[in-house]
Amino acid sequence: MSDATHNNLGSVVSLWRYPVKSMMGEELNATEVTQRGLLGDRTYALMDSSNGKVASAKNPRKWAKLFDFRATLAEPPRTGETIPPVHVALPDGTTIVTSEQTDTNQILSNVLGREVTLETREPGQPEKLETTLPNPWTPSLEEYWPDMEDLAHRDTITDEAVPEGTFFDLAVIHILTTATIDRLREIYPQGRFEVRRFRPNIVVEPSSDEEGFVEDD
């Protein structure tokens with residue numbers, strides 16, 4: 001048995017799952033963490049029927065309304081079982097559609113003003129990707145780069161690959177600390193910084209002596 005000392009880096013204060021990529025999600029009391037992130041996280045996505053790309057808020061000019069939707073799984077997911085149906089609350093706050101409806105794609109397309117299809121994949125099992133796309137192994141999304149210095153691109157849209165068989169941008173778990181939120185509020189007090197806007201999976205309150213952008217360390 002190792003005698004290594006364990007440091008207390010902080011405490012988990014909230015857990016979040018986002019069943020549909022780039023939509024708001026649901027807060028959890030507990031979750032299972034797998035090699036593909038939190039069980040049930042981003043197991044659904046909207047696909048742009050015009051080009052077969054994943055609809056992503058990384059291109060806000062095209063998908064600005066996605067943050068106005070909220071997705072929840074019909075029941076807790078279980079390892080080794082089919083992912084449960086997803087319920088999507090529309091921006092009006094009252095209408096809810098489910099992945100089991102035959103008219104879900106049409107309803108979502110009408111609200112977004114763009115033809116989309118709701119696709120799903122089984123977490124951790126890319127060979128079970130259930131999609132109407134011709135090539136589910138190489139999904140991609142569009143990312144808008146603002147006109148700012150020090151970025152790889154400026155005021156342009158690029159195609160970005162996502163991990164094979166998933167609907168993630170890059171990493172499968174997003175951790176955010178309360179210290180970062182506090183620091184952003186300090187730098188820009190007139191702004192509004194809410195945890196849910198950053199859509200993290202795990203929110204950590206670091207130990208009392210940790211300040212600033214702790215994630216960078």
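Relative to the Cα centre, the charge distribution of segment 174-217, modelled as +1 at Lys and Arg Cβ and -1 at Asp and Glu Cβ, gives a dipole magnitude of about 460 debye. Radius of gyration (Cα atoms) of segment 174-217, expressed as a multiple of 2.2 N^0.38 Å: 1.09.
Amide H contacts of residue 28 (H built 1.01 Å from N, in plane; Pro and chain starts excluded): 15, 16, 17 sit under 5 Å, all sequence-distant by 5 or more or on other chains. Under 5 Å between amide hydrogens, built in the peptide plane, is the criterion, and for residue 10 it picks out 207 among residues at least 5 positions away or on other chains.
FYI, it's all coordinate maths here, none of it is from the lab. Everything numeric in this text was worked out from a predicted model, so none of it was measured. For neighbour counting, all protein chains shown are included, and Cβ atoms are generated from backbone atoms with ideal geometry for every residue, glycine included.
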